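The values are calculated or read from the model by the stated rules, or taken from the named source; none is laboratory data. All values reported here derive from a predicted model rather than from experimental measurement. Glycine also receives a Cβ, built like all others from the backbone with ideal geometry; neighbour counts cover every protein chain displayed.
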Amino acid sequence: MFNRLIHRLEIRQFRYFVGIVEARSLTRAAALLNIAQPALSQQMTQLEDILGIKLLDRSRLGVQPTQAGHALYAHAQAILRLVGETNDIVAGNGQMISGRVRLALPSSLAMMLAPPLLHRMREQYAGIKLEIYESPSGYLAALLLDERVDMSILVEKPTLGTATAVHLIEERLFFVTAAASLEGRAKRTISLQAAAGHPLVLTTRATTLRQILDREFENVGVVPDVRAEVSSIPTMLWLVEDGLGGTIVPGSALARVSRNSRLSACLIEPAIRRTATLAISHVASLSPACTAVQDTLVDVVGGLVAANRWPGAKLSDSQGAAANDT
């Protein structure tokens, strides 16, 4: 009985702590949480005593989390979400997996994966609410580490921190132009040096794609003629279609090109590849809903590659081995 009481107290303290951080005021938080302010302050003092570290800085301007408080805030949000999902599972007698899962994707991968993944989830797991967050790839690891998403597809060599990783895919880069251009009509491959000689629309330096390209441009000793920088690959392709210049994108971005006769793509030779890894928060990995999304995502990726619907892509070695075992 004592242990059960302590467990309830800890969950309540997490809820109170999250409320204070979001309200930025003990007074506002107490009103929103329907608890007297002295009692709320006492609960936070007890939480700090249990953890042995200061979590909140109080001043006449309000309440701010300390560095440790920021870390606890993300963790507490995840714990409270899992508690809510546990209630949903129990209410459904375990017959249907349910809950909310937040997945972050770079825009190119969202173009390839979002439609088939959402269709498959709706068919197989109607009780799961999958939320997709599209962001420049340079920001995706931070979203995961701050527990603002449950899982994220990261490219190149991500810093995973406390997350676990599933290697998904390797994909090649393509040079894309308006189909009416000479390159669009005549070439199946192009060198990076030749591509750099054309006016280019590239992603911003907040993306790992741009970091890869800048490194490769330096390796071959060329300075690209960059006419515009855009964080969104779909917008970038609109600009290419409108004649502003060519661009360089991974094969996943060609999900749009294959359905658009006004754009044409050719492989970069020698090959330039980038890798994609599914990273999952350790807390989120405990959720049956997150496990279901992970398994479905891996299956969708494998299906797209097997059906030759993902240009220039191959499964990572671990994924290929897994596919051969099934």
Legend entry - All positions within the stretch 50-64 that are touching an Asp or Glu at 6+ places or on another chain (Cβ under 6 Å) and outside any loop (DSSP other than H, G, I, E, B): Gln64
Inset, instruction - Count, please, the residues in the stretch 33-49 that happen to be exposed (fewer than 13 other Cβ atoms within 10 Å of the Cβ), in a helix (DSSP H, G or I) and hydrophobic (A, V, I, L, M, F, W, C). - result: 1
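Can you find, within the stretch 135-167, the residue that is modelled with the highest pLDDT among those that are farther than 17 Å from Ser285 by Cα and buried (at least 19 other Cβ atoms within 10 Å of the Cβ)? Steps first, please.
As a first pass, look at the stretch 135-167 and keep what is farther than 17 Å from Ser285 by Cα: 135-140, 142, 155-159.
Still in the list and also buried (at least 19 other Cβ atoms within 10 Å of the Cβ): 135-138, 140, 155, 158.
Working: Ser135: 86, Pro136: 83, Ser137: 83, Gly138: 81, Leu140: 86, Val155: 90, Pro158: 65.
Result: Val155.
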Inset, instruction - Kindly indicate whether any position in the stretch 271-283 is in contact with a His (Cβ under 9 Å, 6 or more places away or on another chain) and modelled with pLDDT under 90. - result: yes
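From the list Thr27, Thr86, which residue is outside the structural domain of Ala292 (by TED's automatic domain parsing), surrounded by fewer than 18 Cβ atoms within 10 Å (Cβ to Cβ), modelled with pLDDT of 85 or more and part of a helix (DSSP H, G or I)? Show your work before the answer.
Values: Thr86 fails: modelled with pLDDT of 85 or more.
Result of the check over Thr27, Thr86: Thr27.
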Inset, instruction - For the stretch 267-290, state whether one or more residues are among the acidic types (Asp, Glu), part of a loop (DSSP other than H, G, I, E, B) and not assigned by TED's automatic domain parsing to the domain that holds Met121. - result: yes
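Return yes when Ile132 is touching a helix residue (DSSP H, G or I) at 6+ places or on another chain (Cβ under 6 Å), crowded, with 17+ Cβ neighbours inside 10 Å, at pLDDT 90 or above and not in a loop (DSSP other than H, G, I, E, B) and no when it is not.
Values: touching a helix residue (DSSP H, G or I) at 6+ places or on another chain (Cβ under 6 Å): yes; crowded, with 17+ Cβ neighbours inside 10 Å: no; at pLDDT 90 or above: yes; not in a loop (DSSP other than H, G, I, E, B): yes.
In short, no.
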Legend entry - Inter-residue pairs, beta-carbon under 7 Å, first surrounded by 15 or more Cβ atoms within 10 Å (Cβ to Cβ) and in the stretch 220-239, second part of a strand (DSSP E or B) and modelled with pLDDT under 90, 6+ apart: Leu237/Leu263
Legend entry - Subset of the stretch 279-299 [more than 13 Å from Val101 (Cα to Cα) and either crowded, with 21+ Cβ neighbours inside 10 Å or basic (Lys, Arg) (or both)]: Ala279
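Report the residue count in the stretch 303-326 for those that are at pLDDT 55 or above and exposed (fewer than 12 other Cβ atoms within 10 Å of the Cβ). If you could, list the steps in order and put the result at the bottom.
Keep residues of the stretch 303-326 that are at pLDDT 55 or above, which gives 303-317, 319.
Next, only the ones that are exposed (fewer than 12 other Cβ atoms within 10 Å of the Cβ) stay: 306-308, 317.
Counting residues in the stretch 303-326 that are at pLDDT 55 or above and exposed (fewer than 12 other Cβ atoms within 10 Å of the Cβ) gives 4.
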Legend entry - Residue selected from the stretch 231-249 under the condition in contact with a Leu (Cβ under 9 Å, 6 or more places away or on another chain) and either at pLDDT 95 or above or of a type in the set (Gly, Ala, Ser) (or both), by the criterion farthest from Pro270 (Cα to Cα): Gly245
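One residue is enough: does the stretch 261-270 have a residue meeting the conditions under 21 Å from Tyr125 (Cβ atoms) and either at pLDDT below 95 or in contact with a His (Cβ under 9 Å, 6 or more places away or on another chain) (or both)?
First, the residues of the stretch 261-270 that are under 21 Å from Tyr125 (Cβ atoms): none.
For the stretch 261-270, residues under 21 Å from Tyr125 (Cβ atoms) and either at pLDDT below 95 or in contact with a His (Cβ under 9 Å, 6 or more places away or on another chain) (or both): absent.
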